[in-house]
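K.L.:
I have a structure I would like to understand better, so I am pasting it below and will then ask my questions one at a time.
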Amino acid sequence: QVQLVESGGGLVQAGGSLRLSCAASGSIFRPNDMGWYRQVPGKQRELVTSITSTGSTNYADSVKGRFTISRDNGVNTVYLQMDSLKPEDTAVYYCNLAFDGMRSQRYVYWGQGTQVTVSA
């Protein structure tokens, strides 16, 4: 079983910054992909950004130039640096990890979510 533990959420003013962390533990296969999703009430969970084991990244258009994803494979941790935050960034942010295990079985895991609130 894989566990994802998130931290770093909180309340900030517009224009401020936050850094989220997500530490993974358990039976993790490499290579694996990690990412951040976010969700607001009444809306579908959306991909914010993702990163592969080799460092390839992808960003939603809404956060390009403001958010940066990174990872430390040595400690199985992914980070999300959020700068120039806007009220519309307010959401519950979820960490995600996915990998192909034995016999090509796909495994997907989620963190518990951490609240990010940006005030105007």
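The values are calculated or read from the model by the stated rules, or taken from the named source; none is laboratory data. As the structure is a prediction and not an experimental result, all values here were calculated from the model. Every residue, glycine as well, gets a Cβ built from its backbone with ideal geometry; the counts of neighbours run over all protein chains shown. Surface accessibility is based on the protein's heavy atoms, side chains included, excluding ligands, DNA and RNA. Shrake-Rupley method; radii C 1.70, N 1.55, O 1.52, S 1.80 Å.
K.L.:
Give me the pairs, please: first residue somewhere in segment 18-32 and touching a residue at least 60 places away in the same chain (Cβ under 8 Å), second residue anywhere and open to solvent by less than 50 Å² (accessible area, probe 1.4 Å) and of a type in the set (D, E, K, R), beta-carbon distance under 7 Å, and either six or more positions apart or on two chains.
P.N.:
Going by the 7 Å Cβ cut-off, the qualifying pairs are Leu20/Glu6; Cys22/Glu6.
K.L.:
Considering only residues that are outside any loop (DSSP other than H, G, I, E, B), open to solvent by 40 Å² or more (accessible area, probe 1.4 Å) and more than 19 Å from Tyr109 (Cβ to Cβ), which ones fall in segment 71-95?
P.N.:
Gln81, Pro87, Glu88, listed by residue number.
Here is a yes/no grid of residues against (1) touching a Ser or Thr at 6+ places or on another chain (Cβ under 8 Å); (2) farther than 17 Å from Val40 by Cβ:
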position: Asn73; (1), (2): yes, yes
position: Pro87; (1), (2): yes, no
position: Leu97; (1), (2): no, yes
position: Val116; (1), (2): yes, no
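K.L.:
Next up: Given the criteria among the basic types (Lys, Arg), free of Cβ contacts under 8 Å to residues at least 24 places away in the same chain and surrounded by 13 or more Cβ atoms within 10 Å (Cβ to Cβ), does Arg45 qualify?
P.N.:
Judged against the criteria, Arg45 is not a match.
K.L.:
What about Asn58, is it over 14 Å from Val12 (Cβ atoms) and open to solvent by less than 60 Å² (accessible area, probe 1.4 Å)?
P.N.:
Taking the combined requirement at face value, the residue does not satisfy it.
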